[in-house]
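One structure is given below, encoded as structure tokens.
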Amino acid sequence: MKLRDLARGLPDFTDRKVIDRHMERLDSHGASRRDFLALASAGVAAGFGAAALGLPAAAIASQNGKFAFLTGFMVNEWNTTFDRTAKTAAESLGIGYTSLDSQFDGERQYNQFEQQVAAGVSGVIFNLSDGSAIRGLARTAAQNRIYIANIWDSLPWFTPFDADDYYTLFAVSEEVTAQREVTEVLLAGVTERFGGGDIIGVTGSKGSLLELQRNRGRDAAFAKFPKTRLVDELPGLWNREDALKATEDLLTRNPNVVGIVTQDDDIALGAIAALNAAGLRPGEDVLVVGTSGTGLGSKAVKAGQMLATKGNSPALAAALFTTRLYDVTHGWVPRASERMLNWNTLTLTRDNIDGWIERFVDNGDVEPFDYRKMSKVLHPDDWDPQAEVYPLDIDQSFGGIPKPEGYSYPPAYVAARDTGERAAVAAEYAAHYKIKYDGPSPNRRA
């Protein structure tokens, strides 16, 4: 087909109304008509047009080193820190970077991904608005030879092995154990101070994989503390404002609360605000725990308003995902056991919070990790994960969630487990782990 024949099938982008209609359908917030036409002149409008018309985009590998972070919500501190660190890590690797916030709108996030496809991005990190979208996103990524990686929410029992090699990484911190540990700190404190009592939960987004995992860990903790009981819960949607409202409702319904277990530090801060508004003293009348290790959360622990949190550095996740995209776009091929990963977190209380704040919060211009040294391309012999990173266990990650009818474990996953590859990868990552997660920054000045 000749170029002029192909062009006859495209919209008339000389018509201002046509441009406006397509920009609206593509949800191109922040882009001017001039920007759109500039993209069109570079040949990208054809990709936009294909996406808008429901046609598959052309499968063209991009070698331009442009990465994007597409998050379902930039409304909390964990995500904003991830974004800032991913940008810094990308700069250290010499690659372009952008980020987009879908504001909890899964359709908008899909549109944003199609825009990045059309713009020639070579790698995308997702924090999904809707985990069930990963199947379609992975299909589009494979069609366009774009590497993707996904953190937190996902479609249960759907893995990178069920997609394509372009879905290079699904990775999360090991959440079930982490939430159990921080809940145990709360329940021990409540038992010691009050002799037990009523606990309320303020969760994330209802039905998300992350909420389900953290619920499992939380609920398991109560078995060790029979004088405590979880009496009620509501979602806090990973942000302070919604968490404040949820906590207010829970306190009204449950007047004898002595503990609040939350699923994020921003949620915990919203719960603390609700306690203050109700005339209750956080850390005295009601004990609260979070689980993120954010700056404000860490300082709430230090101030005694929060009993504990989990040190789950967004900077670590940002570096892990950014260097993975860098490596695969530069020829490195992960083994099966490296396509799904967990990392461990720290339980932070007033006893150890100062070192965390020094490295991850009040660190000025001292970056908490050596980003380039995480790359297996740049450091093939002495790469360092700089945390306890190891292959993810599907049953641990998706446990308690019914398998789809006719489900069978991915052959590559089974082979890696049964041949010893998984154990070998775990041992290799442990051997390369030199810069300790609970120690000082490798960039700290002497």
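The values are calculated or read from the model by the stated rules, or taken from the named source; none is laboratory data. What you see is a predicted model; the values in this text were computed from it and never measured. Please note: Cβ atoms are built from the backbone with ideal geometry, for glycine as well, and neighbour counts cover all protein chains shown. To get the accessible areas, we keep the full protein, side chains included, count just its heavy atoms, and leave off ligands, DNA and RNA. Shrake-Rupley method; radii C 1.70, N 1.55, O 1.52, S 1.80 Å.
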message = Would you confirm whether or not the range 332-346 contains a residue that is in contact (Cβ under 8 Å) with a residue 60 or more places away in the chain, within 17 Å of Thr81 (Cβ to Cβ) and of a type outside the set (Val, Ile, Thr)?
response = yes
query = List pairs: first in the range 297-311 and without any contact (Cβ under 8 Å) to a residue 60 or more places away in the chain and among the hydrophobic types (A, V, I, L, M, F, W, C), second assigned to a strand (DSSP E or B) and open to solvent by 10 Å² or more (accessible area, probe 1.4 Å), Cβ under 9 Å, 6+ apart or cross-chain?
reply = Ala300/Pro282; Met306/Pro282
key: Ile199 open to solvent by less than 30 Å² (accessible area, probe 1.4 Å), under 19 Å from Ala308 (Cα atoms) and assigned to a helix (DSSP H, G or I)   = no
note = So, first residue more than 18 Å from Leu325 (Cβ to Cβ) and among the aliphatic types (A, V, I, L, M) in the range 113-131, second residue open to solvent by less than 30 Å² (accessible area, probe 1.4 Å) and assigned to a helix (DSSP H, G or I), Cβ within less than 6 Å, six or more apart or across chains; the pairs are Ala118/Gly47; Ala118/Phe48
ask   = Could you say whether any residue in the range 141-161 is under 16 Å from the mean Cα position of the chain (by Cα), without any contact (Cβ under 8 Å) to a residue 60 or more places away in the chain, crowded, with 20+ Cβ neighbours inside 10 Å and over 18 Å from Phe104 (Cβ atoms)?
value = yes
ask   = Can you tell which of Leu230, Leu210 is in contact with a Gly (Cβ under 7 Å, 6 or more places away or on another chain) and either more than 19 Å from Arg180 (Cβ to Cβ) or in contact (Cβ under 8 Å) with a residue 40 or more places away in the chain (or both)?
value = Leu210
ask   = For the range 61-86, how many residues meet the condition of being open to solvent by less than 50 Å² (accessible area, probe 1.4 Å), closer than 13 Å to Tyr326 by Cβ and of a type outside the set (A, V, I, L, M, F, W, C)?
value = 1
key: Lone unmet requirement of (1) open to solvent by 10 Å² or more (accessible area, probe 1.4 Å); (2) at pLDDT 95 or above; (3) under 16 Å from Gly400 (Cβ atoms) for Gly207   = (2)
Where a residue in the range 87-103 is closer than 28 Å to Asp130 by Cβ and open to solvent by less than 40 Å² (accessible area, probe 1.4 Å) and its partner, wherever it lies, is in a helix (DSSP H, G or I) and β-branched (Val, Ile, Thr), with Cβ under 8 Å and at least six apart = Ala89/Thr322; Ala89/Thr323; Ala90/Thr322
query = If the Cβ limit is 6 Å and pairs must be 6+ apart or interchain, which residue in the range 389-412 that is part of a helix (DSSP H, G or I) pairs with which residue that is open to solvent by less than 70 Å² (accessible area, probe 1.4 Å)?
reply = Phe398/Pro156; Phe398/Trp157; Ala412/Phe161; Ala412/Ala336
inquiry  = Could you check the range 259-284 and list, in sequence order, the residues that are in contact (Cβ under 8 Å) with a residue 24 or more places away in the chain and acidic (Asp, Glu)?
reply    = Asp264, Asp265, Asp266
key: Close pairs from the range 433-444: first in contact (Cβ under 8 Å) with a residue 60 or more places away in the chain, partner surrounded by 14 or more Cβ atoms within 10 Å (Cβ to Cβ) and among the hydroxyl-bearing types (Ser, Thr, Tyr), Cβ under 9 Å, at least 6 apart   = Ile435/Ser441; Tyr437/Ser313; Tyr437/Thr345
Failed item in (1) assigned to a loop (DSSP other than H, G, I, E, B); (2) open to solvent by 10 Å² or more (accessible area, probe 1.4 Å), with Phe369 passing the rest = (2)
inquiry  = Return the residues of the range 179-196 that are under 19 Å from Ile272 (Cβ atoms) and either open to solvent by 10 Å² or more (accessible area, probe 1.4 Å) or free of Cβ contacts under 8 Å to residues at least 12 places away in the same chain (or both); say none if nothing qualifies.
reply    = Val185, Gly189, Arg193, Phe194
query = Inside the range 305-329, can you point out the residues that are open to solvent by 10 Å² or more (accessible area, probe 1.4 Å) and of a type in the set (D, E, K, R)?
reply = Arg324
ask   = Which one is nearest to Arg214 (Cα to Cα), of the residues in the range 281-304 that are open to solvent by less than 20 Å² (accessible area, probe 1.4 Å) and among the aliphatic types (A, V, I, L, M)?
value = Val289
